[in-house]
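This report refers to the structure that appears directly beneath it.
The values are calculated or read from the model by the stated rules, or taken from the named source; none is laboratory data. Owing to the predicted nature of the structure, the values given are computational and were not obtained by experimental measurement. Note: ideal-geometry Cβ built from the backbone for every residue, glycine included; neighbour counts use all protein chains shown. Heads up: the accessible areas ignore ligands, DNA and RNA and are worked out on the full protein's heavy atoms, side chains in. Shrake-Rupley method; radii C 1.70, N 1.55, O 1.52, S 1.80 Å.
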Amino acid sequence: PERCPSVTAPELRDSAQASVDWFVRNQEPDGTWLYLYDADDDTVAPEYNAVRHAGVTMGLYQAAAAGLSGALRSADRGTEWALDALLRRDRWAAVEYLGEVPTGASALLAAGLAYRAQATGDARYDGVLRRLGRFIVAQTESTGAVLADYDPESRAPVAGEYSDYYTGEAYWALALLHRA
């Protein structure tokens, strides 16, 4: 910060809008966003990351709540991709991508949908929010640690695997769900 120039609130808002505009421009018809691009080869890598997808969706819902143009529509398109990828078990649901079910993806999607509900007053995703919340709780150990992954083949959480990020994301989502 000692080397950063001062910025004004309008400059910050313009910067945030430019970020939203980038995501809008780089969203695919299926709702995903450009993930890895090699400028030297002018190629797009085939990899994709469901946790980062959910994080972008959440960030765009925050931007929509702040009134930034294009954010809500782009986030809703990203949500549709995530909803199409839901693994449903009993009373919960979780984001599954290529056979992987990372807790962070469901937590960030839940946080984003909670922001959406708060900003718009639209309750259309309330059922999904409850199901995502139940998954997050099911991934939480009695110690409070949150398991990183669920194994859809064994139909059980993956014991002993944790993420540096998912516990915080999970508790953040649960706090937002409680408020919503």
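Structural remarks
- In segment 134-144, the residues that are open to solvent by 10 Å² or more (accessible area, probe 1.4 Å) and touching a Phe, Trp or Tyr at 6+ places or on another chain (Cβ under 7 Å): Arg134, Ala138
- Being open to solvent by less than 70 Å² (accessible area, probe 1.4 Å), at pLDDT below 95 and touching a Leu at 6+ places or on another chain (Cβ under 7 Å) is true of Ala45.
- Any hit, segment 110-133, residues being touching a Pro at 6+ places or on another chain (Cβ under 9 Å) and surrounded by 14 or more Cβ atoms within 10 Å (Cβ to Cβ): no
- Residue match in segment 54-61 (condition: open to solvent by 20 Å² or more (accessible area, probe 1.4 Å) and farther than 24 Å from Asp164 by Cβ): no
- Verdict on Ala66 being in contact with a helix residue (DSSP H, G or I) (Cβ under 9 Å, 6 or more places away or on another chain) and crowded, with 16+ Cβ neighbours inside 10 Å: no
- Residues located in segment 8-31, provided they are open to solvent by 60 Å² or more (accessible area, probe 1.4 Å) and farther than 14 Å from Ala63 by Cβ: Thr8, Ala9, Pro10, Glu11, Arg25, Glu28, Pro29, Asp30
- Residue among Val95, Val158 that is surrounded by fewer than 20 Cβ atoms within 10 Å (Cβ to Cβ) and either in contact with a strand residue (DSSP E or B) (Cβ under 6 Å, 6 or more places away or on another chain) or aliphatic (A, V, I, L, M) (or both): Val158
- Within segment 158-178, residues that are in contact (Cβ under 8 Å) with a residue 60 or more places away in the chain and of a type in the set (Ser, Thr, Tyr) have Cβ atoms under 7 Å from residues that are assigned to a helix (DSSP H, G or I) and open to solvent by less than 40 Å² (accessible area, probe 1.4 Å) in these pairs: Ser163/Gly104; Tyr165/Gly104; Tyr166/Thr103; Tyr166/Gly104; Tyr166/Ala107, counting only partners at least 6 apart in sequence or on another chain.
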